[in-house]
């Protein structure tokens, strides 16, 4: 039986199609190396024996990780950043998801303009946003700077990301699933719990992970809204004045490992949930 020809094989190609394809592959590989090579060196330098990391590598050691875990100032800065990130993630995910529903389904006039209004904080430079928040907190509200002002400042630019991600998922949502649930007797609350939320859960999770990353990494707005406390980016900034040590590289490596672990855990949970849902659907169809 003759092999079925691929549509790609019958497409007209230029004289240098093969060279162009290999050139694009090489360009893609070069871009990937450019993106990930600094991260690879950061991880490598965290195991450097010398106090000043650089090439060539003089030796490998875990000494800097021991110094990291024994440094109380780093632990306090990490704890502050994690606390702020958790609070910001919970509030921004809930508020952003709730705002996305009326933007997409509320029948509001000119929803595109409203969506643009929610994304404006993303477009404003961080320095201007930080100065504006500082003036608002100190001159208008007369509140002292502290963790509460940092959380409020982070919410200003994290909520729009959740709104955009969840809104995009809701726009592609098949409303016929909700109508089918209503036909089967499900009320609005049960439809939201068992139909809508499970299907948009990947978008909600993606928004939450984005909030965690942005909050922990934020420096400019934190610099203008922080009080006597110190977050991790501010601590690294103060240490840069004395030179980058492998201790900072070890801290960044641990943060990268935790981030990747959370990402893989979230992806695994969503895949497991999908398999469980598919298994339940098959069991229901068999009954």
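The values are calculated or read from the model by the stated rules, or taken from the named source; none is laboratory data. As the structure is a computational prediction, the values presented were derived from the model and not from experiment. When we count neighbours, we look across all protein chains shown, and the Cβ atoms used for this are built from the backbone with ideal geometry, even at glycine.
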For this session: Could you please give the count of residues in the stretch 51-62 that are in contact with a helix residue (DSSP H, G or I) (Cβ under 8 Å, 6 or more places away or on another chain) and either in contact (Cβ under 8 Å) with a residue 60 or more places away in the chain or within 30 Å of residue 152 (Cα to Cα) (or both)?
Result: 2
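Would you call residue 250 buried (at least 22 other Cβ atoms within 10 Å of the Cβ), at pLDDT 80 or above and touching a helix residue (DSSP H, G or I) at 6+ places or on another chain (Cβ under 8 Å)? Show your work before the answer.
Details: buried (at least 22 other Cβ atoms within 10 Å of the Cβ): yes; at pLDDT 80 or above: yes; touching a helix residue (DSSP H, G or I) at 6+ places or on another chain (Cβ under 8 Å): yes.
Spelling it out, residue 250 is indeed buried (at least 22 other Cβ atoms within 10 Å of the Cβ), at pLDDT 80 or above and touching a helix residue (DSSP H, G or I) at 6+ places or on another chain (Cβ under 8 Å).
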Exercise. Considering 255, 270, which residue is part of a helix (DSSP H, G or I), touching a helix residue (DSSP H, G or I) at 6+ places or on another chain (Cβ under 9 Å), over 21 Å from residue 74 (Cα atoms) and at pLDDT below 80?
Worked result: 270
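Could you list all residues from the stretch 158-186 that are farther than 27 Å from residue 112 by Cα, outside any helix (DSSP H, G or I) and touching a helix residue (DSSP H, G or I) at 6+ places or on another chain (Cβ under 9 Å)?
186
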Seminar exercise, completed: If you go through 81, 46, the only one that is closer than 28 Å to residue 153 by Cβ and touching a residue at least 24 places away in the same chain (Cβ under 8 Å) is 81
Exercise. Residues in the stretch 178-196: is at least one surrounded by 12 or more Cβ atoms within 10 Å (Cβ to Cβ) and within 23 Å of the chain's Cα centre (by Cα)?
Worked result: yes
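Looking at the stretch 45-55 only, could you name the residues that are modelled with pLDDT of 75 or more and farther than 14 Å from residue 248 by Cβ?
The answer is 49, and nothing else.
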Problem set entry | Criterion: in contact (Cβ under 8 Å) with a residue 12 or more places away in the chain and out of contact with any strand residue (DSSP E or B) (no Cβ under 8 Å at 6 or more places or on another chain) - qualifying residue of 251, 184 | 251
For this session: Give the number of residues within the stretch 165-177 that are surrounded by fewer than 20 Cβ atoms within 10 Å (Cβ to Cβ) and within 18 Å of residue 91 (Cα to Cα).
Result: 0
Exercise. Quick check, is residue 208 in contact (Cβ under 8 Å) with a residue 12 or more places away in the chain and more than 25 Å from the chain's Cα centre (by Cα)?
Worked result: no
